[in-house]
There are 2 protein chains.
Amino acid sequence: MSTTDELLKRRYRVLGRGSPLFYDKPLHLVRGEGVWLYDADGRRYLDAYNNVPHVGHCHPHVVEAISRQAALLNTHTRYLHEGIIRYAERLTATFDPELSMAFLACTGSEANEIALRMATVCTGHRGIICTRYAYHGNTTAVAQISTVFPPPEGLGPHIRAVPVPDSYRDPRDAGGALLPDAWLQSIERACESLHANGQGVAAMLVDTIFSSEGLPELTPEFMAKAVAIVRRAGGIYIADEVQPGFGRTGESMWGYQRYGVVPDVVTLGKPMANGHPVSGVVARAELATEFAGKVMYFNTFGGNPVSCAAASAVLDVLEQERLQENARVVGEYALAGLQRLMAKHDLIGDVRGRGLFFGAELVKDRRTRTPAPDETKRVVNAMRDRGVLISRIGVHDNVLKIRPPMPFSRDNADLLLATLDEALKEA
Amino acid sequence: MSTTDELLKRRYRVLGRGSPLFYDKPLHLVRGEGVWLYDADGRRYLDAYNNVPHVGHCHPHVVEAISRQAALLNTHTRYLHEGIIRYAERLTATFDPELSMAFLACTGSEANEIALRMATVCTGHRGIICTRYAYHGNTTAVAQISTVFPPPEGLGPHIRAVPVPDSYRDPRDAGGALLPDAWLQSIERACESLHANGQGVAAMLVDTIFSSEGLPELTPEFMAKAVAIVRRAGGIYIADEVQPGFGRTGESMWGYQRYGVVPDVVTLGKPMANGHPVSGVVARAELATEFAGKVMYFNTFGGNPVSCAAASAVLDVLEQERLQENARVVGEYALAGLQRLMAKHDLIGDVRGRGLFFGAELVKDRRTRTPAPDETKRVVNAMRDRGVLISRIGVHDNVLKIRPPMPFSRDNADLLLATLDEALKEA
């Protein structure tokens, strides 16, 4: 076994220094189980970050499904196979009935590529409205809407990135609603300018929990109005469920359901098969049919029997272990704990989130709400040193990102909160 | 178990009729082993088509590697892990020494996306030269160069698709070399027009065995001149090794090595992990470093421990079972057999290929070399009905595509040839 330093040196040579690593002291991991990760020295870490191992690291039911199917058959969707059909039926059944057809691919980027191509091909328009500080993937077209990392290729004339309301800082009316509706106004303006420059409006694509943007709280009214503006302009509504999907928010299977507006297309990724590279698109039948009639879409690995076995096993575990309910209950419990920490630590300016995706926004001064990104980074590293893994997000890079595997328990939440209490004391 | 017809009906409902299926009578598969596939009725088929199960369907060494690592740890490259570093070292060691750095992703489309972005970001130009009737993947940017399926979005001003020489039909000089150099001339013209319209030349990207184009035989001189033209114009040379790579051509590990020109960037896909969704890019260090310095590239599933275990196991089997050598020996044997069939069946106009990727071009008339696409389709379906799986490719859709898993034996080749002999009699 290499030491961590030797490994780092070898990594720099073959993968480069540009390949991102977490933490000031990178973690050298060798084993995972449930919500726990173990490093090369045998030290245990509570995983309060990773959403890809959705039902827990190395869940035996998923591992068994992968092993069994990998030993039996792994081909592609140009042959008939029960697995993909059964999985696609099962998956679409978890959506509102109009979202009845599915495409399977391998990554969130590929899912968003399909959605963007579907919007462009089916509307005949090119313009895409996304949000500022969003992340949706790494391919050329998707990098255009991943505004958190501005692509060096520059932005095309078809892209409009609108700011998401800051539910912590933006002014509110007497009833608590955000004022003014700068977001809706900027969507209106984006539609107008896309019409003016001849691109037209093909779609608005948003992460329905606005993860990179720092988990702002948007209301159903907000979202309904935003979607109505886009649809009036001839565009479709694409919900990126890579972050909130598969029950993470506790309240519903899909993040979009919180707002009560059914999307035209939904994209799925990371948690779908617990780390096996599987992603998907679920769409209204008329859009899916029109797209497939115009584009010869085939994905070699997408929907292969092993991928479908893994994805199906994840649905089994979600049901059997009632993990959406666990996300709701433990999420509420942890959020209440964060609120108690806020009463104790001035550094915490706001606490928000849904289910097992929540965060604390750190500020230098609660009155001015001045972001504290350096302190946030120090807290994340201090947590790692104390054996709890989290990260950070947000427009100001000052929101603690807490998004553990779904079997996260109250005991796990207690350890997270106690460790955060200590880390905040030193930040 | 559903009957095949019921399954087809369910599939149409949830995946649509646009999702492509092989053969007039779709195959309903349930099991695979080595070069054999089994349908729901227990019928056995010789697989002479699939290159994804590179070392054979469900190879126990690969299955064991996947099962073991899936039970141990499956995270991502933002933590240190031995597996990805060891695999990347091992992979890059199979290339010419200047190709020393690697990126791992999940699909061939994603690998080509990285290569195209690398070309654009590092050269500062946008123009891409590809070939006519090529296939490189399904994302927006890659669909632009997948000219075999013209994208309904239309082609951008940065794309130039040049015709590949037809080694069967184009005239040759007394020494047997292709004349005139229409291909080289069209590359020259593409460069000029990309400069004239302000795009500049970022790259030429080609499949080094020209699979979709029908396996034309190009000489090292041809390729050296083509690459020199592109490099003189400021572009880089990207070799798409998704089809010929990992020893398939028998003569070398990588298809580009047949021409003696080292690419700037190489893209890898399908066979890399025997069906587990893994792909990669291997590049000159200066390009990889510049790209990673300018683009925050991270791929959630790319290079995860299970993917690397699967990919590493494929390299083990390639070495242990000497499969590149097998591809050379059995490929030559099968090609000689195809030539004997050509002497017997007027329908075969030409026979060509390398290692375990070869084909027979079917023509209505050997003198006029008129393509016979309908007969080709009939032969492919007749082969399926007789229990041997192949497909078809080429500019005229009249080349039998034979590309079996790498452990294909002489006995397998004999069965393929005997069955083809029968199928040709009836076509």
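The values are calculated or read from the model by the stated rules, or taken from the named source; none is laboratory data. Fair warning: this is a prediction, and the values are worked out from it, not measured in the lab. A quick note on method: Cβ atoms are made from the backbone with ideal geometry, for glycine too, and the neighbour counts reach across all protein chains shown.
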Taking segment A:96-122, which residues are of a type in the set (D, E, K, R), closer than 16 Å to A:ASP207 by Cα and in contact (Cβ under 8 Å) with a residue 40 or more places away in the chain? A:GLU110
Name, by its number, the condition in (1) in contact with a Pro (Cβ under 9 Å, 6 or more places away or on another chain); (2) crowded, with 17+ Cβ neighbours inside 10 Å; (3) at pLDDT below 95 that does not hold for B:SER19. (1)
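Mind checking which helices (runs of 4 or more DSSP H) fall wholly inside segment B:60-146 and carry at least 1 residues that are more than 23 Å from the chain's Cα centre (by Cα) and among the charged types (D, E, K, R)?
In segment B:60-146, B:60-72, B:82-92 are the helices (runs of 4 or more DSSP H) which contain 1 or more residues that are more than 23 Å from the chain's Cα centre (by Cα) and among the charged types (D, E, K, R).
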For B:LEU287, all conditions in the list (1) in the same structural domain as B:GLY250 (by TED's automatic domain parsing); (2) under 23 Å from the mean Cα position of the chain (by Cα) hold save one; what is the number of the exception? (2)
Show the residue pairs that are 6+ apart or on different chains and have beta-carbon atoms under 9 Å apart, the first residue being within segment A:290-302 and more than 7 Å from every other protein chain (Cβ to nearest Cβ) and over 26 Å from A:ALA273 (Cα atoms), the second being aliphatic (A, V, I, L, M) and crowded, with 23+ Cβ neighbours inside 10 Å. A:GLU290/A:MET118
Of the listed residues (B:ILE187, B:ILE238, B:ILE229), the one being more than 27 Å from B:HIS396 (Cα to Cα), among the β-branched types (Val, Ile, Thr) and assigned by TED's automatic domain parsing to the domain that holds B:TYR133 is B:ILE229
Can you spot a residue in segment A:323-343 that is part of a loop (DSSP other than H, G, I, E, B) and not basic (Lys, Arg)? no
Is it true that some residue in segment B:70-82 is more than 7 Å from chain A (Cβ to nearest Cβ), at pLDDT 95 or above, over 23 Å from A:MET101 (Cα atoms) and touching a helix residue (DSSP H, G or I) at 6+ places or on another chain (Cβ under 7 Å)? no
Answer yes or no: is there a residue in segment A:367-387 that is in a strand (DSSP E or B) and surrounded by fewer than 16 Cβ atoms within 10 Å (Cβ to Cβ). yes
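What number of residues in segment A:255-289 are within 30 Å of B:SER279 (Cα to Cα) and of a type outside the set (S, T, N, Q)?
Looking only at that region, the number is 18.
Every residue, every condition in (1) under 30 Å from B:GLY293 (Cβ atoms); (2) more than 10 Å from chain B (Cβ to nearest Cβ); (3) touching a residue at least 12 places away in the same chain (Cβ under 8 Å), yes or no:
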site: A:LEU15; (1), (2), (3): yes, no, no
site: A:GLY18; (1), (2), (3): yes, no, no
site: A:LEU27; (1), (2), (3): yes, no, yes
site: A:ARG43; (1), (2), (3): no, yes, yes
Return the total of residues in segment A:154-165 being surrounded by 20 or more Cβ atoms within 10 Å (Cβ to Cβ) and either of a type in the set (Phe, Trp, Tyr) or assigned to a loop (DSSP other than H, G, I, E, B) (or both). 3
Condition met for B:MET253 (outside any loop (DSSP other than H, G, I, E, B) and either touching a helix residue (DSSP H, G or I) at 6+ places or on another chain (Cβ under 6 Å) or aliphatic (A, V, I, L, M) (or both)): no
